[in-house]
There are 4 protein chains.
Amino acid sequence: MAYQAAVVGASGYTGAELLRILAGHPDIAVTTATADTHAGAPVAGLYPSLARAYPALTLDPLEPAALDGLDLVFLALPHGESQRLAPDLLGRVAHVVDLGADFRLPAAAYEQWYGEPHRAPQLLPAFAFGLPELFRARITPETSVAAPGCYPTAAALALAPLLAGGVAEPSGVVVHAASGVSGRGRGLSAPSLFSEANETVAPYGLLTHRHTGEIEWALSEVHGAPVTVLFTPHLVPMTRGLLASCYARPATAGLTTQRLVDLYREFYAGEPFVTVLDEPPTTKATLGSNAAHLTVRFDDRTGSILAFGALDNLGKGAAGQAVQAANLLLGLPEATGLPALGLQP
Amino acid sequence: MAYQAAVVGASGYTGAELLRILAGHPDIAVTTATADTHAGAPVAGLYPSLARAYPALTLDPLEPAALDGLDLVFLALPHGESQRLAPDLLGRVAHVVDLGADFRLPAAAYEQWYGEPHRAPQLLPAFAFGLPELFRARITPETSVAAPGCYPTAAALALAPLLAGGVAEPSGVVVHAASGVSGRGRGLSAPSLFSEANETVAPYGLLTHRHTGEIEWALSEVHGAPVTVLFTPHLVPMTRGLLASCYARPATAGLTTQRLVDLYREFYAGEPFVTVLDEPPTTKATLGSNAAHLTVRFDDRTGSILAFGALDNLGKGAAGQAVQAANLLLGLPEATGLPALGLQP
Amino acid sequence: MAYQAAVVGASGYTGAELLRILAGHPDIAVTTATADTHAGAPVAGLYPSLARAYPALTLDPLEPAALDGLDLVFLALPHGESQRLAPDLLGRVAHVVDLGADFRLPAAAYEQWYGEPHRAPQLLPAFAFGLPELFRARITPETSVAAPGCYPTAAALALAPLLAGGVAEPSGVVVHAASGVSGRGRGLSAPSLFSEANETVAPYGLLTHRHTGEIEWALSEVHGAPVTVLFTPHLVPMTRGLLASCYARPATAGLTTQRLVDLYREFYAGEPFVTVLDEPPTTKATLGSNAAHLTVRFDDRTGSILAFGALDNLGKGAAGQAVQAANLLLGLPEATGLPALGLQP
Amino acid sequence: MAYQAAVVGASGYTGAELLRILAGHPDIAVTTATADTHAGAPVAGLYPSLARAYPALTLDPLEPAALDGLDLVFLALPHGESQRLAPDLLGRVAHVVDLGADFRLPAAAYEQWYGEPHRAPQLLPAFAFGLPELFRARITPETSVAAPGCYPTAAALALAPLLAGGVAEPSGVVVHAASGVSGRGRGLSAPSLFSEANETVAPYGLLTHRHTGEIEWALSEVHGAPVTVLFTPHLVPMTRGLLASCYARPATAGLTTQRLVDLYREFYAGEPFVTVLDEPPTTKATLGSNAAHLTVRFDDRTGSILAFGALDNLGKGAAGQAVQAANLLLGLPEATGLPALGLQP
């Protein structure tokens, strides 16, 4: 019999993608979906794509007591809301996967990047950073999971082999990223309008984007010492997809592109969702899937390492990764129910 | 010395396009721009594209007295607002071009399609329908102008030669149209979001879209008797551009494609902005210009006439056409200051 | 044990989509992929999205003898090539699904629309028109299948309930369609370039598009008497997706939108891939899936019926439908291995 | 009377944009347009957008003698062809502006980046690097002009104030750029197909893109000593537009964002086409114009300078810049005939 799950915040794009993936999961059944702003609406009305799988599912207002006894709850909420909800929720359900930013950082780093103290710091140790490829051992049936954001996932996967092995310097790292517009969510704002976002490239969040903290935290954990990163996100005119183009300085001599590619292949050997390509990755090849595509180059001329990570910001960058972590929480094979192939073209 | 003009409603896309076109107009100078929702903001902040032309222009709140004595006022306001403003405004300024829907239809037709009585029916006779190619003689320095919408402009230009000449039946006309998303304006709504409008074709306003009334009115005037039209608009994933694909039944025998193309060339001979092509028109060739591209076909096999009209919904479909009409109001050469060439590619 | 299959013409978009779908099919395994123009290339090089599923699959040159004994062969070839191949192939393999145009029409209709005589008319009776929703009974383990094109699938599904029931007149039918650019395939041509196809709507194939013959044939079969259709395709700037907007005249009195929607729901009751919506369908909701979304309206004002069909041109419009038909050939449950949910957003 | 000009290579996107801009130039008239691959075709057939301006202009095969006595010739040819043509051409016409790569680099640098010796090194001194904002004094009526490429223009404008003033280190410079697909030209190739380029971000030319040489050359000239750059271009799904996001290390203490912005404003004071913004620039605001939008940031946390340059790759990145340089060659006011405002939205 399938585990019973809820998607809290199911009207947003991440919530909808969770519903899509879980519809094909053999061992998890969604019994509840909540969304305060669209409470009462049928899921199939907001997302006709989901009509076949959820013909009768209606969005409920969020009521923690209504989740009592569920095996699994996914939280796909705006920043800050999981902190308020978690203290009441954790005891009611068996497992929680939070897709928001609330439980990803230590309290001090949280306050640094979000400009306000954490509301539930006592719960932070209960959450594992839900990036299985780098922190698989920390995700156990006893933990909750804080699934990382789309930018940190791409950047950390692209840079981890360099920093884990001491191949790159931990300072002077540059992460330059391009994201599809769905990364901004379904909220109404001028930069999310088609006529504003189409046919343009728009840098934003210069110097201070909050995902910087997550990228630095994850890489510092991998490196075993502090890593500093200059992170610059850009919006590009596509719905889904995220590419992190990363620059680092070598910490060792004798690097070549081939040695780096070999290092990456070894580092990610056996991973079901990470593929190291010879050619530069493109986001399109990961569309709709939980795949991450990487490559790496060494530029002898300028003495620089160049690493790329491509993924679907709603897949491996959000809902796919959350389901991957949930599989670990439930003791299921990690790849269960997850689409591994992108939609190309 | 240049005529002094105001753009009322300058924060929207039509207002911004008016500012762009007027920046290149040798005889009209914009001295005032208003926008209630962005009052106080510099135009160059909302539209960095306009920074060079309007480095110091700030959006004012709308105050009719502040427009006193202007030579020309363009109204680019949401539906219903021109009706409230016009009675106070008309005596204060020399010429008014309204780009909204308020003064395009007779009172009865207005009520039929907009579901409420007109607030200023006494002013309707003062407004000429601002489609110069079909109603040039009505646009005189003594009139105000109600510039037609983007869909009616494309459909009326594409079908007028058929109905003016009695070549097509006045019933059974079908107008199937595809519009870029900027046609929805800059207002915040879910269907205008990039992630909703991208990579999809979305029919909307089935059977009841309000532009039906304008299309029927314009063609009925041209035909000299009532014309009925089934109009079905679709959103397509592009910022600008509008294609009307029109179907009509022949009212005469002996039609051929060549005769129809010749008829169109004769009908629009001398027009500076209408080009009749041999090949099917595409919207891209009109991007950013005041051009309308047409072609026509006769299908002997099914006994149908097929007529196409392509334009830029913000150009010939809105701001360009308004400036074209303003040139007539001011007694200037009709093409003054108007871009005639599209941006291709 | 899985059935062994080949994809002939695997370098094109339809071939790649077949490989993607079949990678998730529990009962069919692709053992061979051919592509003359890219023979020798690894599938994963052309389509990195497929690297995980086909790490070692290389494109072979087409050699019929190499297909001997296969359970199933999909032909995804340019027009005309299946005719040359089929006589040699049919005896070598258990089942053939042709995704090209060669075996969809009777010989006379083929010659009318393709302008040349059919090369293998003796084989035409062996092929069933592979649109299961309308011709399921004809698709048996003894037949081969000619899977219909994307436009005919959308148009026939959208109009069949009207013509099967005598609700609409068989003349005066208009099919106005918009397709994503992948419908043109992967061949190199100027209209397929991004800079030509982006930000524009482009009608093409006016009056003479070859899919007209297929649409008319399928609807005539459903109607039991000849149906004539004026078909006008348009390219719109998206990769995948196809919308058919169809106009027909009522053949009976007393129609209402509700009665038509009810008729459609009844007509397609139990179909796993056809959903009749209340709201207008959009192509996006079907992206990457085998779904077709329909709705219908009756316009009392103009006496017209308006019917819409949306699908993914590479999914239900090509590869998905071919796999659906293959399931019937193999005696498998019809929905086996087919994605039913679109990728939204 | 207007100067008489030819556009050699008029069938490509740069050629078409030259024709569009020159149609609005009061002092230059295009009398000849050549294009070997489309010789005999009317310009208006390839680009219906140009039909109004060039109703009778037909593409000629290239015949140097036919250009005798012209005041101005623009060369918009594939790499390598200007070298073959120039020796014969220079004496026949008064002024030449080459938009290709052939005369931009010294002979040694040319050979380094293009992998073959230059065919006409003796002509290199006759060509000035046509980036007026940085090299205006070199562009005189006696010189020919080699207009720089789109990437070097954006990168050099974004970085020049840092290197001219010794504010940034000349090593460790990173130029990360995103370009619209029209930058690849109108040639037929798989990566230029809509279905390949849409909905994806694709890095390419890693480590070895030829524009690296131009960027380094221009910045070295500005700096007065060698500058090395790691340049990484990316294709993004838009037709036009180019953003260079540049990273550099400070060479002086005490930097702040405000000081850098002030430095940029001073450096480009009086420039008609360069605007230094407070907010991050977007490519859209420059669409169809000769504008370049810049901004700059200092990140105290990581000790990095971040500089951005946005432009239209066919405008300031190609045809616009060429016309700007031509104005200098002809002794006309530099901004004559050039569109200064982008098309937004």
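The values are calculated or read from the model by the stated rules, or taken from the named source; none is laboratory data. Just so it is clear, the structure is predicted and the values come from calculations on it, not from any experiment. Ideal geometry is used to build each Cβ from the backbone, glycine not excepted, and the neighbour counts take in all protein chains shown. Surface accessibility is based on the protein's heavy atoms, side chains included, excluding ligands, DNA and RNA. Shrake-Rupley method; radii C 1.70, N 1.55, O 1.52, S 1.80 Å.
Summary of computed values
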{"item": "Residue that is farthest from the chain's Cα centre (by Cα) [pool: residues in the stretch B:122-135 that are in a strand (DSSP E or B) and closer than 17 Å to B:Glu334 by Cβ]", "result": "B:Ala128"}
{"item": "Candidates D:Ala178, D:Ala202 - the one that is under 13 Å from D:Ala154 (Cβ atoms), small (Gly, Ala, Ser), open to solvent by less than 30 Å² (accessible area, probe 1.4 Å) and facing chain A (nearest Cβ under 10 Å)", "result": "D:Ala178"}
{"item": "Test result for B:Thr32, touching a strand residue (DSSP E or B) at 6+ places or on another chain (Cβ under 8 Å), more than 13 Å from D:Gly342 (Cα to Cα) and modelled with pLDDT of 95 or more", "result": "yes"}
{"item": "Subset tally (residues that are open to solvent by less than 10 Å² (accessible area, probe 1.4 Å), among the hydrophobic types (A, V, I, L, M, F, W, C) and part of a helix (DSSP H, G or I)) for the stretch D:136-155", "result": "2"}
{"item": "Filter result for D:Leu207 (in contact with a Lys or Arg (Cβ under 7 Å, 6 or more places away or on another chain), under 30 Å from A:Thr256 (Cα atoms), open to solvent by 10 Å² or more (accessible area, probe 1.4 Å) and not acidic (Asp, Glu))", "result": "yes"}
{"item": "Some residue of the stretch D:181-196 being more than 10 Å from every other protein chain (Cβ to nearest Cβ) and surrounded by fewer than 23 Cβ atoms within 10 Å (Cβ to Cβ)", "result": "no"}
{"item": "Pair list, Cβ under 7 Å, 6 or more apart: the stretch B:243-266 residue at the interface with chain C (Cβ under 10 Å from one of its Cβ atoms), other residue surrounded by 14 or more Cβ atoms within 10 Å (Cβ to Cβ) and among the polar types (S, T, N, Q)", "result": "B:Leu243/B:Thr283; B:Ser245/C:Thr232; B:Tyr247/B:Ser304; B:Arg249/B:Ser304"}
{"item": "Any pair with Cβ under 8 angstrom, 6 or more apart, that starts in the stretch A:156-185 at a residue that is acidic (Asp, Glu) and ends at one that is crowded, with 24+ Cβ neighbours inside 10 Å", "result": "A:Glu169/A:Ala248"}
{"item": "Subset of the stretch B:214-242 [out of contact with any Phe, Trp or Tyr (no Cβ under 9 Å at 6 or more places or on another chain), away from chain C (no Cβ under 12 Å) and crowded, with 22+ Cβ neighbours inside 10 Å]", "result": "B:Leu219"}
{"item": "Single unsatisfied condition, D:Cys246 versus (1) within 17 Å of the chain's Cα centre (by Cα); (2) buried (at least 22 other Cβ atoms within 10 Å of the Cβ)", "result": "(1)"}
{"item": "For B:Pro87: the one exception among (1) loosely packed, with under 15 Cβ neighbours inside 10 Å; (2) part of a loop (DSSP other than H, G, I, E, B)", "result": "(2)"}
{"item": "Index of the failed condition, A:Asp88 passing every other in (1) within 22 Å of A:Asn327 (Cα to Cα); (2) touching a helix residue (DSSP H, G or I) at 6+ places or on another chain (Cβ under 7 Å); (3) away from every other protein chain (no Cβ under 14 Å)", "result": "(1)"}
{"item": "Hits in the stretch A:156-166 - residues which are under 18 Å from the mean Cα position of the chain (by Cα) and open to solvent by 10 Å² or more (accessible area, probe 1.4 Å)", "result": "none"}
{"item": "Long-range neighbours under 9 Å by Cβ, at least six apart or interchain, first residue under 14 Å from D:Arg20 (Cβ atoms) within the stretch D:316-327, second modelled with pLDDT under 95 and of a type outside the set (A, V, I, L, M)", "result": "D:Ala318/D:Gly149"}
{"item": "Residue satisfying all of: in the stretch D:288-307; outside any strand (DSSP E or B) and of a type in the set (Ser, Thr, Tyr); least open to solvent (accessible area, probe 1.4 Å) among these", "result": "D:Ser289"}
{"item": "Tally of residues being of a type in the set (Phe, Trp, Tyr) and more than 10 Å from chain A (Cβ to nearest Cβ) across the stretch C:1-21", "result": "1"}
{"item": "Within the stretch C:22-49, considering residues that are assigned to a helix (DSSP H, G or I) and open to solvent by 10 Å² or more (accessible area, probe 1.4 Å), the one farthest from the other protein chains (Cβ to nearest Cβ)", "result": "C:Asp36"}
{"item": "Close pairs from the stretch A:196-211: first within 16 Å of D:Ile305 (Cα to Cα), partner small (Gly, Ala, Ser) and open to solvent by less than 30 Å² (accessible area, probe 1.4 Å), Cβ under 8 Å, at least 6 apart", "result": "A:Pro203/D:Ser245"}
{"item": "Residue match in the stretch C:91-104 (condition: assigned to a helix (DSSP H, G or I), of a type in the set (Asp, Glu) and in contact with a Leu (Cβ under 6 Å, 6 or more places away or on another chain))", "result": "no"}
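So that you can scan it fast, the table gives a plain yes or no per residue for (1) at the interface with another protein chain (Cβ under 8 Å from one of its Cβ atoms); (2) modelled with pLDDT of 95 or more; (3) surrounded by fewer than 19 Cβ atoms within 10 Å (Cβ to Cβ):
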{"residue": "D:Glu279", "(1), (2), (3)": "yes, yes, yes"}
{"residue": "D:Asn313", "(1), (2), (3)": "no, yes, no"}
{"residue": "D:Lys316", "(1), (2), (3)": "no, yes, no"}
{"residue": "D:Ala325", "(1), (2), (3)": "no, yes, no"}
{"residue": "D:Pro333", "(1), (2), (3)": "no, yes, yes"}
